[in-house]
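Beneath this line is the structure, given in structure tokens, with notes to follow.
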Amino acid sequence: MSDDPQRPLFDLSRTQDDPAQHEAARQLAAWRSRLDRSDRGGRAALRRADGTGACAYIRAFHDLRLRLEPLVRVDADALAVAAVALAAIRVDQPGARLPQALAGQVSPIRLRKLLQAAGPDDVLRLLRRFIGQLKGHANVRDTARWAYALSCDPLRERAARDFAFAFYNALPLADDDADSGDAAPDAA
């Protein structure tokens, strides 16, 4: 992570109240647009990245990192997860929020795996799979926000809780006689 404590930690949930975060979000959007428009090789390399370490060898990742570091402190592994997730998105769905979009596509057990992932590489693997389940249709900015926050230690705990609430709020209420699939089996 870049060390300058004077700069805020990159956090896309704070773009309304922080000009540096707002500019970082603008830079992220410009980078993603350029990736689609004129850096198909970089996008393909990011889509093929098998982990955060692989991003160290991909210029498109460094282009994003170098755009953001003058503005905010960046966790390189968390940013790699966000870059790979954004490369997996084929169609930006600006109105859709990632937790709500996944609510009808992902089981609560798989959601728990994402939210309790051991590290950024696990988050990367699961998010890539989930974006595939959405057929590559996701909100670019919201996906970047969650991918980064769920992979960055200072943001992870709160992000996981907020993601879970948003996910479950989008599900219909369970029937009284239906099994939610979350409870432990009865000990008999």
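Rule-based calculations on the coordinates, nothing more; no lab input. None of these values were measured; they are calculated from a predicted model. FYI the Cβ positions are ideal-geometry reconstructions off the backbone, even for glycines, and counts take in every protein chain you see.
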> How large is ³J(HN,Hα), in whole Hz, for each residue of segment 77-83 in order, when computed from phi with the Karplus curve 6.51 cos²θ - 1.76 cosθ + 1.60 and θ = phi - 60°, using x for Gly and Pro?
Replying inline: 5, 5, 5, 4, 4, 4, 4
> With axes computed from alpha carbons, what is the tilt in degrees of helix 140-151 against the longest principal axis of the chain, rounded to the nearest 10 within 0 to 90?
Replying inline: 80 degrees
> Nearest 10 degrees, 0 to 90: what angle lies between the long axis of helix 153-169 and the longest principal axis of the chain (Cα atoms)?
Replying inline: 50 degrees
> Taking 0.36 nm per intervening residue step and subtracting the Cα-Cα distance, what contour gain separates Arg112 from Gln133 on full extension?
Replying inline: 5.9 nm
>> Suppose only helical runs count, i.e. DSSP H with n ≥ 4. What mean residue ellipticity at 222 nm does that imply for the chain under -39500 (n - 2.57) per run, divided by all residues and rounded to the nearest 500 deg cm²/dmol?
In response: -18000 deg cm²/dmol
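Stokes-Einstein at 20 °C, 1.002 mPa s, Kirkwood radius from Cα pairs: D for the chain in µm² s⁻¹?
On the way: Rh = 17.0 Å.
Taking Rh from Cα pairs, D becomes 126 µm²/s.
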> Could you put Tyr168, Tyr57 in order, starting from the residue whose Cβ has the fewest other Cβ atoms within 10 Å?
Replying inline: Tyr57, Tyr168
>> Using amide H atoms built in the peptide plane, which far-off residues or other-chain residues are under 5 Å from Leu9 H to H?
In response: Arg73
>> Explain nothing, just compute: Karplus ³J(HN,Hα) = 6.51 cos²θ - 1.76 cosθ + 1.60, θ = phi - 60°, for every residue of segment 16-33 in order, whole Hz, x for Gly and Pro.
In response: 6, 10, 9, x, 5, 5, 4, 5, 4, 5, 5, 5, 4, 5, 5, 4, 5, 4
> HN-Hα J couplings of segment 127-139 from phi, Karplus 6.51/-1.76/1.60, θ = phi - 60°, integer Hz, Gly and Pro as x?
Replying inline: 4, 4, 5, 5, 5, x, 5, 8, 6, x, 9, 7, 6
